[in-house]
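Down below is the structure, laid out as structure tokens.
The values are calculated or read from the model by the stated rules, or taken from the named source; none is laboratory data. Just so you know, these numbers come straight off a predicted model, no measurement behind them. Neighbour counts run over all protein chains shown; Cβ positions are idealised from the backbone, glycine included. The area values use the complete protein model at the heavy-atom level, side chains included, leaving out ligands, DNA and RNA. Shrake-Rupley method; radii C 1.70, N 1.55, O 1.52, S 1.80 Å.
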Amino acid sequence: SSFIKNLHNIDLLSSLNMAISTPPIAMGIATAAAVGMVALTMKRRREQKVAEYMKAWQLSSYDSDPAAAIDTLTLEENVPTPSEIGPNQILLKVEYASVNPIDWKLFSGGLHGNCPVASFPYTPGFDVGGTVQGVGAEVSNLAVGDKIIANTGLVESCTDPAPTPGGPAGAFAQYAAVPAELCVKVNGMDLKTVVGLPLAGLTSYQALFTGVGSSFNGEPLGDAKEGSKVLILGAAGGVGCLAIQMAKKAKCHVAVTASTSKMPNDSSMTKIDFVKSLGADVVIDYQKENWATVLAGQEYDMIYDCVGAMEDLTEHAPKVLKKGGAFVSIANFDPSSKSTDDVRFCVFFIKSNSEELQSLVTMVKDGDLTVPIDSEYKFSEVKEALKRSIGGRSVGKILIKIDH
Ligand SMILES: NC(=O)c1ccc[n+]([C@@H]2O[C@H](COP(=O)([O-])OP(=O)(O)OC[C@H]3O[C@@H](n4cnc5c(N)ncnc54)[C@H](OP(=O)(O)O)[C@@H]3O)[C@@H](O)[C@H]2O)c1
């Protein structure tokens, strides 16, 4: 189907290699403040008047303990609004942002050394939704006034030089400079229903169906299709709950792990009830049963690992996967994790892509995908939102409403 595109793009490997070998000081994740200070000659083609200064959350330095780093975040009130944007960028009035674990994982000094923060002060956040206020000279697909969502791109940000002048700006600010090619129009939709989609949705899409994603060693990721047997570990989280729905839409048989913990806003419902409501065929309470015992010998085609426990790869997966089945992980970055004759191990970072994001937005419009919301925080409560994420108990997406 057009939904399951298999675009195997091996260029991702070179992007990742570049990301891994680029020194932190030269990395391109720029804060909105940094964008504003860069002397660019490109003029916005069309723009609405914006204030000279904006509010933005800023981090001043790493801390090996991300929770301690969150405590040092400050909401700065006089950050220069990006005054010039690159020819392929838009200036976005950010109305909603969504939180992902990568936001605070970077605070420790880099995700396993691969994706450090570019420079300080740093404005965190990758998922944005809002209204276009200005477009660069080369932008033809977006106009002032359009509502868009985007994942500003972890891998794209970690290149030297930055992919666009100044690089993408952080989401936890009133304005951001965003590469136009990563944006998807959502005119007429409630931003709240889709702003949690970009990073988590693209990750699950690529893990399950490969798309433009590929593993660190260039291998394709999942190849889920009608009749495939897929096990999702950590299914109640932001990525897992979207993966269940995508896999069911593709007519896969879907097993998941979850717990009987209560849902945040409904004490009568457990996470097990929640993942069942999203269509999971088999639900295993991971706190009571070992999934490898429950599913042993059932020849699954793929395990999508959103948890990252080493024993799941080494001890449990061989019992459940068919020989050579895929263990696609987004959370096991241990360098000792390797493929064997029995299990094909793949680990990767999301690759931001608007064509795939458009497919996901269409699924939402068609009623085939919903983005469950764990909680919504005010702009002044970014620290609380990040602490909710670091606690690891959220269900679906954590949102931040940005005040103006
Ligand atoms: N590589 C990439 O490109 C990429 C992209 C996105 C995310 N990630 C990573 O993927 C992981 C998941 O992301 P996320 O956004 O889904 O996180 P999340 O929303 O914070 O996940 C929280 C959920 O995970 C469940 N959970 C925790 N441990 C579990 C276990 N052992 N078995 C089953 N469920 C468990 C929790 O439920 P309980 O209360 O029942 O434990 C909770 O509902 C994170 O490590 C994140 O950094 C990587």
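The figures follow:
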item	result
Residue check for E84: over 22 Å from the mean Cα position of the chain (by Cα) and at pLDDT below 90	yes
Evaluation of A224 against (1) open to solvent by less than 50 Å² (accessible area, probe 1.4 Å); (2) in contact with a Lys or Arg (Cβ under 9 Å, 6 or more places away or on another chain); (3) under 22 Å from D366 (Cα atoms); (4) outside any helix (DSSP H, G or I) (one fails), failing number	(2)
Residue in the range 354-370 that is open to solvent by 10 Å² or more (accessible area, probe 1.4 Å), under 22 Å from G153 (Cα atoms) and within 10 Å of the ligand (Cβ to nearest atom) present	no
Top-ranked residue of the range 378-402 - restricted to ones that are under 27 Å from M54 (Cα atoms) and without any contact (Cβ under 8 Å) to a residue 60 or more places away in the chain, ranked as least open to solvent (accessible area, probe 1.4 Å)	E381
Test for A51: is it modelled with pLDDT under 90 and away from the ligand (no atom under 16 Å from the Cβ)	yes
Restricting the range 356-372 to residues that are out of contact with any strand residue (DSSP E or B) (no Cβ under 9 Å at 6 or more places or on another chain) and touching a residue at least 12 places away in the same chain (Cβ under 8 Å), the residue that is farthest from D301 (Cα to Cα)	K365
Scan of the range 285-305 for residues that are under 29 Å from P335 (Cβ atoms) and open to solvent by less than 30 Å² (accessible area, probe 1.4 Å), ordered by number	W291, A292, L295, Y300, M302, I303, Y304, D305
Strands (runs of 3 or more DSSP E) wholly inside the range 249-335 that include at least 2 residues being touching a Leu at 6+ places or on another chain (Cβ under 9 Å) and more than 14 Å from the ligand (Cβ to nearest atom)	300-305, 321-329
In the range 340-366, the residues that are within 18 Å of S204 (Cα to Cα) and assigned to a loop (DSSP other than H, G, I, E, B)	F348, F349, I350, K351, S352, N353
Residues being hydroxyl-bearing (S, T, Y), assigned to a loop (DSSP other than H, G, I, E, B) and either at pLDDT 95 or above or in contact with a Phe, Trp or Tyr (Cβ under 9 Å, 6 or more places away or on another chain) (or both) - total across the range 114-136	1
Among the residues listed as S380, S375, the single one being more than 22 Å from T72 (Cβ to Cβ), of a type outside the set (D, E), more than 10 Å from the ligand (Cβ to nearest atom) and modelled with pLDDT of 95 or more	S375
The range 220-234 residues that are on the phi > 0 side of the Ramachandran plot, paired with ones that are part of a strand (DSSP E or B) (beta carbon under 8 Å, 6 or more apart)	G227/H253; G234/T257; G234/D305
Enumeration of residues in the range 285-310 that are farther than 20 Å from C241 by Cα and within 25 Å of the chain's Cα centre (by Cα)	M310
Candidate set from the range 184-215 (those that are at pLDDT below 95 and more than 10 Å from the ligand (Cβ to nearest atom)); member that is surrounded by the fewest Cβ atoms within 10 Å (Cβ to Cβ)	V212
Every residue from the range 65-113 that is assigned to a loop (DSSP other than H, G, I, E, B) and more than 16 Å from the ligand (Cβ to nearest atom)	D65, L73, T81, P82, S83, E84, I85, G86, P87, N88
